[in-house]
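J.: Dumping the structure here so I can ask a few things about it.
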Amino acid sequence: MAIEYAEKVRRIPVYPAADGYASEGPIAKLASNESPYPPIPAVIDAVTKALTGLNRYPDPTNAALRKRLSERTGVPAQRIAVGNGSCDILLAAGDALLEPGAELVYAWPSFSVYPHLAAASGARAIEVPLDAKHYHQLDKMAEEITVATRLVIVCNPNNPTSTALPLDEITDFVKSVPRHVAVILDEAYIEFNVLQDPDESIDLLDKHPNLVLLRTFSKVYGLCGLRVGYALCGSEDFRTAVDQVRQPFFCNAAAQAAALESLNHTDEVTRRVERNLAERIGLIDGLRELGLEPAESQANFVWFDLGEERVEADVMRGLAERGILVRAGGALGREGALRVTVGTQAENERFLETLGALL
Ligand SMILES: *Cc1c(COP(=O)(O)O)cnc(C)c1O
C-alpha cells in the first residue's frame, strides 16, 4: 500500500521552477529575476568567516541582523522578522493567519507562491484579475474583503508583470482595509521602482499595525543562493506569530553574515540598480522595436504579450535551444506572455537578437 498523505498535499500547487539549473555553457539565465552581477567580495569574505563557526547553531533571534535593519529603517527590532528567504515569512504568515473558512485576497497573475498559502491551509483564495495594462485593481480587491478575510497581499512592483502602483494608491487602499485583516505589501523589487524611494512605504507602518512590508536580500543584493529575507511589521505580534509557527533556526549562519555585511555596501548596491535601470530601458526599447508592447516595468524584469499569432511554447523552445532561458507566461498565470529578467548588456542584446530572429 502506498503512504497516505494529508489532503493538502493534493491541493498545494507545485512551484513552477525555472529550467536550466543544471545546464553548462554560455547560458543566459534570464528566468528567475536574479542579479546578473557576482556577489560583493566583502560579502564573500563575511560568509567565509562565518563558515569557521559552523559547528555552532546560528543565532535563532537573528539579533545582529535585526538590529542593523532597525538602524537602517527606523523600525524597532521587535517589529522585524527575518526568514530563510522572504518566501519563508510569506508561508509562515499563511500558517499563522489562515485556516479552513478563512479567506485570502490577492491579484492574478501575481507571485506564484501566493496560491500555495490557501492550498496549504484550506483557506479560500480570491484572485482578482489585473487590469488590461497588467496593474493591480485595488478597488476591486477592496470589494472582496469580507468578515472571513484574514490576509490581503499586494505585490508592488508586481511579479510577473513588473508594474507598480504609486504609493498614494497603496496608502488609500491600506487605509480602507479593516484593522483585523493583515495586509502584506510584497516589496521584493522595491529598490528598482523609480516611482518611489524604498523608505517611503515604511512610514505607513506607524499608522497601520496590520501592515507588513516584505523585503528580500535575494534580488537587489544578489543573495538568492543563500536565502535571506525580512519583514518590517506594523505590530510586534505579527513577528512573534511568524516566528512561533516556524522551526527555531530558520535563517542559517552564512545567510545572516552575508545579509549583515551587504548592508555595509549600499552604495555598490545603488550603482547596480542604476546599471540595471539603464539596461531595462534598452531592453524595453528593443522589444518595442520588435513591435511588442512591454508592460511598464518598475522591476528588474520585463513582461510582454507575444501577440495572437505566436505560440508561447515555440518561442520558449526557440530561445532555450539558443541558450536563453526566460519564463513562459502560461506557468505564471497568462498564456502567450513572456517574462524576461534584465541581464547584463551582452545578455540583453543576445536575447533581443534571438527573439527578433524567432519572431
Ligand atoms: C523573488 C520574490 C520574492 C523573494 O523570495 P525569496 O524567498 O526572498 O528569495 C518574494 N516575492 C516576490 C514577488 C518575488 O518575486
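Each value in this text was obtained by applying a stated rule to the coordinates, not by laboratory testing. All of these numbers come straight from a predicted model, not from anything done at the bench. Cβ placement follows ideal geometry from the backbone for every residue including glycine, while neighbour counts extend to all protein chains displayed.
J.: Set the Förster radius R0 to 41 Å, insert the Cβ-Cβ distance between residue 322 and residue 131 as r into 1/(1 + (r/R0)^6), and round the FRET efficiency to 0.05.
T.: Result of the calculation: an efficiency of 0.75.
J.: OK, next. Whose amide H sits under 5 Å from the amide H of residue 186, counting only residues 5 or more places off or on another chain, with H placed in the peptide plane?
T.: 154, 155, 156, 214
J.: Please compute the length gained on full extension between residue 15 and residue 268, using 0.36 nm multiplied by the number of residues separating them and subtracting their Cα-Cα distance.
T.: Gain in length upon complete extension: 87.9 nm.
J.: Taking R0 as 41 Å, what FRET efficiency do you get between residue 290 and residue 52 from their Cβ-Cβ distance, rounded to the nearest 0.05?
T.: 0.20
J.: Kirkwood hydrodynamic radius, the chain, all distinct C-alpha pairs: what's the number in Å?
T.: For the chain, the Kirkwood estimate is 21.1 Å.
J.: Please work out the C-alpha center-to-center distance from segment 26-60 to segment 249-301 and express it in whole Å.
T.: Centre-to-centre (Cα) distance: 16 Å.
J.: With the radius of gyration and the Kirkwood radius both derived from the Cα set of segment 137-181, what is their ratio Rg to Rh?
T.: Here Rg/Rh amounts to 0.97.
J.: Could you work out how much longer the chain between residue 244 and residue 142 gets when fully extended? Use 0.36 nm per residue separation minus the Cα distance between them, nm to one decimal.
T.: Going from the current span to full extension adds 33.8 nm.
J.: Taking the Cβ of residue 311 as the centre, find all other residues whose Cβ is under 12 Å away and add up their charges (Lys, Arg: +1; Asp, Glu: -1).
T.: -3
J.: Moving on. Viscosity 0.890 mPa s, temperature 25 °C: give me the Stokes-Einstein translational D for segment 67-124 in µm²/s, with Rh taken as the Kirkwood radius over C-alpha pairs.
T.: My calculation gives 191 µm²/s for D.
J.: Along the Cα→Cβ direction, 7 angstrom out, place labels at residue 124 and residue 194. What is the inter-label distance in nm?
T.: Taking the two extended label points, one gets 4.3 nm.
J.: Same structure, new question: Based on the inverse mean of 1/r over its pairs of different Cα atoms, what is the Kirkwood hydrodynamic radius of segment 214-316, in Å?
T.: By the Kirkwood definition, the hydrodynamic radius is 17.1 Å.
J.: What Kirkwood hydrodynamic radius, in Å, does segment 150-262 give when the mean of 1/r is taken over all pairs of distinct Cα atoms and then inverted?
T.: 15.0 Å
J.: Still on this structure: Pick out which of 188, 258, 132 has the largest mean-square fluctuation in a Gaussian network model of the chain, springs linking Cα atoms closer than 10 Å.
T.: Answer for the Gaussian network model of the chain: 132.
J.: Give, as a single signed number, the net charge of other residues whose beta carbon lies under 11 Å from the beta carbon of residue 146, with Lys and Arg counted +1 and Asp and Glu -1.
T.: -1
J.: Another question, if that's okay. Which of the GluC sites (Glu not before Pro) across segment 137-197 are loop residues per DSSP, with 16 or fewer other Cβ within 10 Å?
T.: The qualifying sites are 144.
J.: Give, as ranges by residue number, the residues of segment 230-245 whose backbone N falls under 20 Å from the point 7 Å along Cα→Cβ of residue 6.
T.: 241-245
J.: Next question. Within segment 109-158, which trypsin sites (Lys or Arg not before Pro) sit in a loop by DSSP and count at most 15 neighbouring Cβ atoms inside 10 Å?
T.: Here the sparse-neighbourhood loop sites are 133.
J.: Enumerate the calculated ³J(HN,Hα) couplings along segment 114-125 in order (Karplus 6.51 cos²θ - 1.76 cosθ + 1.60, θ = phi - 60°), each rounded to whole Hz, writing x wherever the residue is Gly or Pro.
T.: Computed from phi, the couplings for segment 114-125 are 4, x, 4, 4, 6, 4, 6, 9, x, 6, 9, 9 Hz.
J.: So for each of 7-13, 229-235 I average, over its residues, the number of other beta carbons within 10 Å; can you give me the resulting order with the highest mean first?
T.: Per-residue Cβ counts within 10 Å, averaged per peptide and sorted highest first, yield 229-235, 7-13.
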